[in-house]
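Scroll down for the structure; my scribbles are underneath it.
Readers should treat all values here as calculations from the given coordinates under stated rules, not as data from a laboratory. Source: prediction; values computed, not measured. Ideal geometry is used to build each Cβ from the backbone, glycine not excepted, and the neighbour counts take in all protein chains shown.
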Amino acid sequence: MTAVYDALETRPPAQRESALLAALPAQVAHAQSRSPAFARILHGVEVAAITSRAALATLPVTRKGELQALQQEGRNAGGDAFGGFAAVGFGAAMPRVFASPGPIYEPEGTARDYWRMARAIHAAGFRPGELIHNSFSYHFVPAGSMMETGAHALGCTVFPGGTGQTEQQVQAMRELQPAGYIGTPSFLKIIVEKAMELGVALPSVKKAMFGGEAYPPSLRDWFLARGIDGYQCYATADLGLIAFETRAREGLILDEHVIVEIVRPGTGDPVAEGEVGELVVTVLNPDYPLVRFGTGDLSAILPGQCPTGRTNTRIKGWMGRADQTTKIRGMFVHPKQVDTVVKRFPEVARARLVVSGEMANDIMTLKVETAAPAQGLAERLGDAVREVTKLRAQVEVLAPGSLPNDGKVIEDARTYQ
């Protein structure tokens, strides 16, 4: 069995699920009482009843765009910069505050390994007593601090390389001899190429943990050919660590302190296991208690357990964006509208709105799966689409399993010439 960060990673799945669901009501109650935003969002929710995933699925999803809008409203009104989502304020309980694009402002609390990154860093092969070259940004966004606090919790020393100044990065690596690198894969590739150009060897850099962008197999193999074994993690500025890669390289393992759901884009409805949908996360963070936070990212649950002995759920990793809002004939059509149409027809299992044709000549087709198509179903669906979207659509009725499992509710297949 591969060495793990702690015993939480190998506990029986039923024990983990029981622990997470036992913590859930208290976290929802905490969000209601300490976060003014969630006091409104969760108004009337009977906390004692939120003890199962089915009960959790009845709560509203708050998506990143909504959080940004509520933060902006709060600032415009001269109020809380966090839109009422933070449970702590400026001062000793919040040593740092960060800004990610939007802007969205994120608090950093005082808890050791606040962003819970040590687990992912350990899985990437780093161990106590090592020096890590951290090239995530240290200004505005929390990425640099996320990795540094995780490395410190693991017992590592950090060189805060940040971004840019490639020759100085090479010099620092040559002279400090770090055990490895944390940052984006593209920047490490730039550093390695610059070192090769300068004729500088970097023999100590044997491992890496990547985040912030795609890490395809071709790039993984490029690093391996140069003696660097790199692994990826999935984290956001709002939630901290969500999932991380192990040496098995079979998807990403969920962090031990998040409850993850995969829902149909535009809705809060969980999909069947294995189906692609939007990642919705409830994080057990008392300072920033996000409940059912819609990341806007697509993924799917992988069956089975990790060969490393870790027992937590695995996801496929990042599979695209869930916000598929599309402009058709001058009007915006949202995934939620497709869901509104489908819910009027219980016999419809899955649906996909396909936009085809050439620019200024849009053709809208609603494709639905059903095991028992009733007479006149296509006509009634067409009427419902027109009522909800104000646009006409063709309807195709298909057998179950006909639509791709890629999380798309709206597919833009138009050609632009």
Quick check: pseudo-label points 7 Å beyond the Cα along Cα→Cβ at Ala349 and Ser204, how many nm apart are they? 5.7 nm
The chain: antiparallel bridges as % of DSSP beta bridges, rounded to 5, reads 60 percent
Take Ser218 and Ala99, extend 7 Å from each Cα along the Cα→Cβ direction, and tell me the distance between the two endpoints in nm. 3.7 nm
At q = 0.07, 0.09, 0.12 Å⁻¹, what is the log10 ratio I(q)/I(0) for the chain, with the Debye formula run over Cα points and no solvent? -0.39, -0.64, -1.07
With 10 angstrom as the radius, rank Ser35, Ser18, Ser145 by how many other C-beta atoms surround their C-beta, starting from the fewest. Ser18, Ser145, Ser35
At 37 °C and a viscosity of 0.692 mPa s, what translational diffusion coefficient does Stokes-Einstein give for region 326-412, taking Rh as the Kirkwood radius over Cα pairs? Give it in µm²/s as a whole number. 253 µm²/s
Compute log10 of I(q)/I(0) for region 2-80 with the Debye formula, placing one identical point scatterer on every Cα and leaving out solvent, at q = 0.16, 0.21, 0.27 Å⁻¹, to two decimals. -0.75, -0.98, -1.24
Among Gly109, Gly84, Leu202, which residue has its Cα furthest toward the positive end of the charge dipole of the chain, with +1 on Lys/Arg Cβ and -1 on Asp/Glu Cβ? Gly84
What FRET efficiency, computed as 1/(1 + (r/R0)^6) with R0 = 45 Å and r the Cβ-Cβ distance, is obtained for Ala172 and Ala19, rounded to the nearest 0.05? 0.60
Taking a temperature of 10 °C and a viscosity of 1.306 mPa s, what whole-number D in µm²/s does Stokes-Einstein yield for region 37-83 with Rh from Kirkwood over alpha carbon pairs? 132 µm²/s
Antiparallel versus total DSSP beta bridges in region 326-412: what percent is that, nearest 5? 60 percent
Report Rg(Cα)/(2.2 N^0.38 Å) for region 269-415, keeping two decimals. 1.20
Quick one: Cα convex hull volume of region 105-170, Å³ per residue? 82 Å³
